[in-house]
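The values are calculated or read from the model by the stated rules, or taken from the named source; none is laboratory data. On a predicted model such as this, the values are computed, not experimentally measured, just so you know. Virtual Cβ from ideal backbone geometry, glycine too; neighbours counted across all protein chains shown. The accessibility values were calculated without ligands, DNA or RNA, using every heavy atom of the protein model including side chains. Shrake-Rupley method; radii C 1.70, N 1.55, O 1.52, S 1.80 Å.
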Amino acid sequence: MIDLSVQIGRLKLKNPVLLASGTVGYGNEIAEFTDLSKLGGIVTKSLSLKPRIGNPPQRICETASGMLNAIGLANVGVEVFIKEKIPFLKKLNTTIICNIAASSIEEYVECTRILTQEDAIAAFEINVSCPNVKEGGLEFGNNLQAVAKITEKVKAVTDKPVIIKLSPNVSRISEFAKIVKDNGGDAVSAINTLVGTAFDIWTRKPKIKNITGGLSGPAIKPVALAKVLEISRNVEIPIIGIGGIMNWKDAVEFMIVGASAFQIGTVNFINPKAGEEIIDGLIEYCKKMSINRISDLTASYEI
Amino acid sequence: MFTVLSTVESLERLNKNTFLLKVKAPQLATAIKPGQFCNIKVSDADYPLLRRPFSVCYTDGDTVYFMFDIQGEGTRILAEKKTGDQLDILGPLGNGFNTEGDFEVAVLIGGGIGVAPFPLLIKHLEGKEILTFVGARNSEQLIKWGMRNILVATDDGSEGFNGNVIAYFQSEANKLENKKIRIFGCGPNPMLKALQKVAEKKYDCQLSIESAMACGFGICQGCPVKKSDGMGYYLVCKDGPVFNSDQIVIE
């Protein structure tokens, strides 16, 4: 029997497979395709204190082995989330990580303070790296002092594990991971999307209304792996790897370079059963490699 | 909603740019309602990465029909499928046309490949009087497969009414004045916008709209369409793709 459970600081997951924020909504749609109770957990769509309607269309466009999105953090807001989404999430029998995206430090704190009272929420993922909103987002994500302050202040209002979702749009991601650690953060997730754009050559107009968007999908996997490795080699903090994972092989690669767990995102749009398939693949891999505990894979690179 | 591995039965060329794809997918065939769509993965490769949404054109026993134009890389690959190939399909998606309620005449108005969902709709409109206005740039691009009581309009006048399909409908509308009609429209946005204006406060009208999308079932939030009441957006995939004409603002 292979032990698939992993530990992200104080947070224990039954296996390392998490569904990434913004690719599972609040769980209800994807639950029609896949048994979420089999997964390590899900990270819910970024919440802000008040509802956000999101950006006007076009919000997405496909690029070579990837996609650009500028959804603009469309979400129902904290109040509706608690009233209408938590009851469903409670029934899922999987770990719920609640993602928060705000436009001010005060808003991050306020959201966490309210949501931490919900038993259904096991941990928080703080999104300081959304490239698609005018206020907040990257303004925080590439400012070391802002990340330090958000980590410290959010930690002060919750006893639950706090994961900071880092931006790849910085020169040294490990410095951000270090500042998260120094300010009491429990883990980091890396990476959020890369800023990108695409233009229509006939109209000379951007293909998405926001002009730039976040690039995701297999196209970004090598970048994500390099960022996870950089953090892993420089900072002692649990890492949740994210970026272009399409199958179990990609997932193993992330664990080898340093991830304790990983999130799958864009693949959920294409194959909503990918999470379950990856678990099956991981078990087979462990059998073949005579690995008893999947957590032994983390940072097992030979360099 | 589910994913199925279907088998290609045939691929037929209807005109220069339009294809009719028939796949064997029993589970889908029985579940689909007219106006719903499916999201098809055209290849196993990472490019094209995303599925491509297609209206369901028709169903017959275990077979599901899709009608499509070659528009980009995804549809180019789809047009090369051979009998026996497997095709990964996710569906049925969205809400279809509402064929319930009190009306005598169903007026179907389609532009270009927008006529794709009409054959299945026609099948579900048994007992109603049906008029199908079909518009295209020219006679070569007209699609008549599966339509009933066709009234043709071409932009260049090479067949039927010389002009766009909405102008043609307007010129014929007086003949329907004493009857209870319901309009079903599908086509490019400028056409739907014109139809929306014609229908305003006058006709019961449902529009099926198109949008780029990633997932097709509500999680990517990539396919917004503005609500006419100013309260944000609907998602084309989940709330649509069929809307009542007065529900949405078409850009």
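Can you check what the net charge comes to around A:Arg172, using other residues whose Cβ is under 14 Å from the Cβ of A:Arg172 (Lys, Arg +1; Asp, Glu -1)?
On the way: positive: A:Lys178, A:Lys227, A:Arg233; negative: A:Glu175, A:Glu230.
Net charge around A:Arg172: +1.
Going through the range B:173-215, which trypsin sites (Lys or Arg not before Pro) have at most 12 other Cβ atoms within 10 Å and a DSSP loop state?
B:Lys179, B:Lys180, B:Lys201, B:Lys202
Net charge near B:Ile113: determine it from the other residues with C-beta under 11 Å of the C-beta of B:Ile113, scoring Lys and Arg +1 and Asp and Glu -1.
-2
Heavy-atom accessible surface, probe 1.4 Å, ligands and DNA/RNA ignored: which residues of the range A:230-276 lose at least 50 Å² versus the isolated chain?
Those residues are A:Phe269, A:Ile270.
Rounded to the nearest 100 Å², what is the sum over both chains of accessible area buried where A meets B, with a probe of 1.4 Å?
Values: alone 13420 and 11840 Å², together 22780 Å².
Approximately 2500 Å², summed over both chains.
Which value in nm describes the separation of the simple spin-label points at A:Lys273 and B:Ser158, placed 7 Å from the Cα toward the beta carbon?
According to this spin-label approximation, the distance is 4.5 nm.
Of the accessible area of the range B:105-208, with the probe set at 1.4 angstrom, what percent is carbon plus sulfur?
Of all accessible area on the range B:105-208, carbon and sulfur atoms account for 46 percent.
What's the center-to-center distance, using Cα atoms, between the range B:19-68 and the range B:189-237 in Å?
Result: 21 Å between the Cα centres.
What's the extension gain from A:Arg233 to A:Arg10 if we count 0.36 nm per residue and subtract their Cα-Cα distance?
Going from the current span to full extension adds 78.2 nm.
So if a site counts as exposed when it's one of the GluC sites (Glu not before Pro), its DSSP state isn't H, G, I, E or B, and it has at most 12 other Cβ atoms within 10 Å, what's the longest stretch of chain A without one?
Formally, the longest exposed-site-free interval is A:1-134.
Quick one: if the Förster radius is 25 Å, what FRET efficiency do B:Thr83 and B:Gln27 give, using the C-beta to C-beta distance and rounding to 0.05?
The formula returns an efficiency of 0.80 here.
Whole percent per 5 Å bin, from 0 to the bin with the longest distance: what is P(r) over all C-alpha pairs of the range A:108-198?
3, 15, 27, 24, 17, 10, 3, 1, 0
Would you mind telling me the share, in percent, of accessible area of the range B:2-93 contributed by carbon and sulfur at probe 1.4 angstrom?
45
To two decimal places, what compactness ratio does the protein assembly as shown give when its Cα radius of gyration is scaled by 2.2 N^0.38 Å?
Values: Rg = 25.2 Å, N = 554, 2.2 N^0.38 = 24.3 Å.
The protein assembly as shown yields a ratio of 1.04.
Quote the Stokes-Einstein diffusion coefficient, in whole µm² s⁻¹, for chain A, based on the Kirkwood radius over alpha carbon pairs, a temperature of 25 °C and a viscosity of 0.890 mPa s.
Answer from the Stokes-Einstein relation: 129 µm²/s.
Set the Förster radius R0 to 41 Å, insert the Cβ-Cβ distance between A:Met289 and B:Ala45 as r into 1/(1 + (r/R0)^6), and round the FRET efficiency to 0.05.
With R0 = 41 Å, the Cβ-Cβ based efficiency is 0.90.
Between A:Gly22, A:Gly66, A:Gly275, find the one with the highest GNM mean-square fluctuation for chain A; connect C-alpha pairs within less than 10 Å.
A:Gly66
Taking a temperature of 4 °C and a viscosity of 1.567 mPa s, what whole-number D in µm²/s does Stokes-Einstein yield for chain B with Rh from Kirkwood over alpha carbon pairs?
Stokes-Einstein gives a translational diffusion coefficient of 70 µm²/s.
Please list the equivalent ellipsoid semi-axes of the range B:2-93, computed as the square roots of five times the alpha-carbon gyration tensor eigenvalues, in descending order and whole angstrom.
Calculated on Cα positions only, the semi-axes equal 18, 15, 12 Å.
For helix B:189-199, report the angle its Cα long axis makes with the longest principal axis of the Cα atoms of chain B; keep it between 0 and 90° and round to the nearest 10°.
Rounded to the nearest ten degrees, it is 30.
Within 10 Å of each Cβ of B:216-229, how many other protein chain Cβ atoms are there on average? Spell out each step's value before the answer.
Numbers: counts 3, 7, 5, 14, 12, 14, 13, 4, 10, 2, 3, 1, 0, 0.
Mean partner shielding for this stretch: 6.
Would you tally the net charge around B:Gln221, using a Cβ to Cβ cut-off of less than 10 Å, leaving B:Gln221 out, and scoring K and R as +1, D and E as -1? Let's see the in-between values first.
Working: positive: A:Lys45, A:Arg59, B:Lys238; negative: none.
Computed value for this residue: +3.
Using the Kirkwood formula on the Cα atoms of the range B:105-208, what hydrodynamic radius do you get, in angstrom to one decimal?
For the range B:105-208, the Kirkwood estimate is 13.4 Å.
If the chain between A:Ala299 and A:Ala146 were fully stretched, how many nm would it gain, using 0.36 nm times the residue separation less the Cα-Cα distance?
Gain on extension, A:Ala299 to A:Ala146, equals 52.2 nm.
Taking C-beta distances below 4.7 angstrom as the pairing criterion, name the unpartnered cysteines of chain B, in sequence order.
B:Cys38, B:Cys57, B:Cys186, B:Cys205, B:Cys223, B:Cys237
Which one, A:Thr44, A:Thr112, A:Thr197, has the greatest fluctuation when you compute a Gaussian network model over chain A with C-alpha springs under 10 angstrom?
Comparing A:Thr44, A:Thr112, A:Thr197 in a Gaussian network model of chain A, the most mobile one is A:Thr197.
Using C-alpha positions alone, give me the convex hull volume of the range A:1-138 per residue in cubic angstrom.
142
Among A:Lys155/A:Lys209; A:Lys153/A:Lys178; A:Lys91/B:Lys226; A:Lys249/B:Lys41; A:Lys14/A:Lys287; A:Lys45/A:Lys205, which pairs are too far apart, with a Cα-Cα distance over 26 Å?
A:Lys155/A:Lys209; A:Lys91/B:Lys226; A:Lys45/A:Lys205
Most fluctuating residue of B:Asp44, B:Asp85, B:Asp239 in a GNM of chain B with Cα springs under 10 Å: which is it?
B:Asp44
Nearest 5 percent is fine: what portion of the DSSP beta bridges confined to the protein assembly as shown is antiparallel?
Within the protein assembly as shown, antiparallel bridges account for around 50 percent of the total.
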